[in-house]
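Novice: Below: one structure in structure tokens.
Just so you know, all these numbers are worked out from the coordinates, no wet-lab data involved. On a predicted model such as this, the values are computed, not experimentally measured, just so you know. Cβ: placed from backbone, ideal geometry, glycine included. Neighbour counts: every protein chain shown.
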Amino acid sequence: MHEAAPRASRTKRSRTRRVYHPGPPIVDETALAAGVEALRLIDPELAGRLLAVGGPPPLRRREPGFAGLAAIIVSQQVSVASARAIFGRLEARIAPLDARRLAAAADEDLRSCGLSTPKIRALRAAAEAAAAGRLDLESLSALDAGDAHDALVAVKGVGPWTADIFLLFCLGHPDAFPAGDLALQEAAKLALALEARPDAAGLERIAERWRPWRGVAARMLWAYYRAVKARSGMALADGSG
């Protein structure tokens, strides 16, 4: 996964509200399998193609608290392997990893984990918002998904991609869809035999047909993309795992 599109200004973001269709949360393998079957009914040709190449998509659930959000921030614009290594060092340095401990950590400690200055700022902003109660991560699952998205992007350094990934993997929202993700865009280009890779707006339009299961479609597209690239021996777009 990879947050490719530049972040809009905070004013512009506030004017463009994300719309999510409600549905049962994808919290376990059984729920994911049910979502895959539902998507097969909506778009049988594409779903069949994705499953034939990529197989059943992995669940990839994260904890819906601060550690889960921190892991997603760490993974912005780096490969999966790099993100895992950096986050592993962060968890070892700040244990247990929670908002108050991270907010109190020295920049030197965070930098020694491999974090860039922008990511340190984003992690601090998220930690301070969570510790002060301005961002109540524990209650986001009870909110409308659009409200939860707005609450997340109100934190400096948390963009639409990060918010949608949190909705998708931490909250299990079935319709969360990070259209700015490079790997999703590449997967759509390959799976749909498009002449060019769609941008975020173009992929949003394509994904309308998959509602309310866009989150399941995203998982299937990522699995398809990894399988295609593994077969061809080509490099993956950053974070596609």
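Novice: Return the single residue from His173, His149, His21 with maximal mean-square fluctuation; model: Gaussian network over the chain, springs between Cα atoms under 10 Å.
Specialist: Maximum among the listed residues: His21.
Novice: How big is the charge dipole of the chain about its Cα centre, in debye rounded to the nearest 20, if each Lys and Arg gets +1 on its Cβ and each Asp and Glu gets -1 on its Cβ? Before the final figure, lay out the partial values.
Specialist: Values: 33 positive and 27 negative charges, 107 e Å.
Magnitude of the dipole: close to 520 debye.
Novice: Using 1/(1 + (r/R0)^6) with R0 = 35 angstrom and r between the beta carbons of Glu45 and Asp147, what's the FRET efficiency to the nearest 0.05? Before the final figure, lay out the partial values.
Specialist: Numbers: r = 35 Å, r/R0 = 1.00.
Working from the Cβ atoms, E equals 0.50.
Novice: Which order, highest average first, do 121-128, 44-51 follow once you tally other Cβ atoms within 10 Å for each residue and take the mean per peptide? All intermediate terms of the calculation are to be shown ahead of the outcome.
Specialist: Values: 121-128: 20.6, 44-51: 16.1.
Ranked from most to least packed, the peptides come out as 121-128, 44-51.
Novice: Normalised by the number of residues in region 100-241, what is the relative contact order in percent for Cα pairs under 8 Å and 6+ residues apart?
Specialist: Working: 144 pairs, mean separation 24.0, N = 142.
Dividing the mean separation by the residue count of region 100-241 yields 17 percent.
Novice: Could you tell me which of Ile73, Leu152, Ala52 has its Cα farthest along the dipole of the chain towards the positive end, charges placed at Cβ (Lys, Arg +1; Asp, Glu -1), taken about the Cα centre?
Specialist: Checked the options; the winner is Ile73.
Novice: Hey, what did the chain get for relative contact order, percent, Cα under 8 Å, at least 6 apart? If you can, show how the numbers build up before the last one.
Specialist: Working: 358 pairs, mean separation 80.4, N = 241.
Rounded, it is 33 percent for the chain.
Novice: Provide the gained length on full extension for the span Ala34 to Arg17, in nm with one decimal, where the gain is 0.36 nm per separating residue minus the Cα-Cα distance.
Specialist: Numbers: separation 17, 0.36 × 17 = 6.12 nm, distance 2.82 nm.
Result: 3.3 nm gained on full extension.
Novice: Right, here's the next one. Taking the Cα atoms only, what angle lies between the long axis of helix 29-42 and the longest principal axis of the chain, rounded to 10 degrees?
Specialist: 40
Novice: Same structure, new question: Cα axis of helix 80-93 to longest principal axis of the chain: angle in degrees, 0 to 90, nearest 10?
Specialist: Tilt relative to the chain: about 30 degrees.
Novice: What's the ranking of 204-216, 24-36 by average number of surrounding C-beta atoms within 10 Å, highest first? Provide the component values of the computation, followed by the final result.
Specialist: Working: 204-216: 19.3, 24-36: 16.7.
Going by the mean number of other Cβ atoms within 10 Å, highest first, we get 204-216, 24-36.
Novice: Could you work out Rg/(2.2 N^0.38 Å) for region 66-170, with Rg from alpha carbons only?
Specialist: 0.99
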